[in-house]
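Throughout, read-outs are computed from the coordinates displayed, never taken from laboratory work. As the structure is a prediction and not an experimental result, all values here were calculated from the model. Cβ atoms come from the backbone with ideal geometry, glycine included; neighbour counts cover every protein chain shown.
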Amino acid sequence: MEFETYLNEVYISKRTKTHLKKISAKQYNNRLENMKKKGIYNNEKVISEDIKNRISLHYANRRNEYVDTLKYYIEYMTHLEGLTQK
């Protein structure tokens, strides 16, 4: 399962109690890919202060959307690990 599919079909927003819309899932996926390309994020399982500082150097992140993207991705990786352990 891809990250974008996870956001569309499995992830339920704690704020809105609904699945993310396709366009939102695509935006989160694009943010993740760009952070990986820039070396900001390398599949760590926790979001360190160093990662947050690197995000701040490259992006405005006014609504915390880049950190949220990483939180969702870490949840996605945990979800995949749970599926493989069953």
Name the single residue that is nearest to the chain's Cα centre (by Cα) among those in the stretch 53-66 being within 11 Å of Met35 (Cα to Cα) and surrounded by 15 or more Cβ atoms within 10 Å (Cβ to Cβ). Tyr66
Which numbered condition in (1) surrounded by 12 or more Cβ atoms within 10 Å (Cβ to Cβ); (2) over 13 Å from the mean Cα position of the chain (by Cα) is the only one that Leu70 fails? (2)
Among the residues of the stretch 8-34, what is the count of those that are more than 23 Å from Lys52 (Cβ to Cβ) and not in a helix (DSSP H, G or I)? 7
Within the stretch 54-86, residues among the polar types (S, T, N, Q), in a helix (DSSP H, G or I) and more than 13 Å from Asn30 (Cα to Cα) come out as Ser56, Thr78, Thr84, Gln85
Is it the case that Asn30 is of a type outside the set (Lys, Arg) and under 12 Å from the mean Cα position of the chain (by Cα)? yes
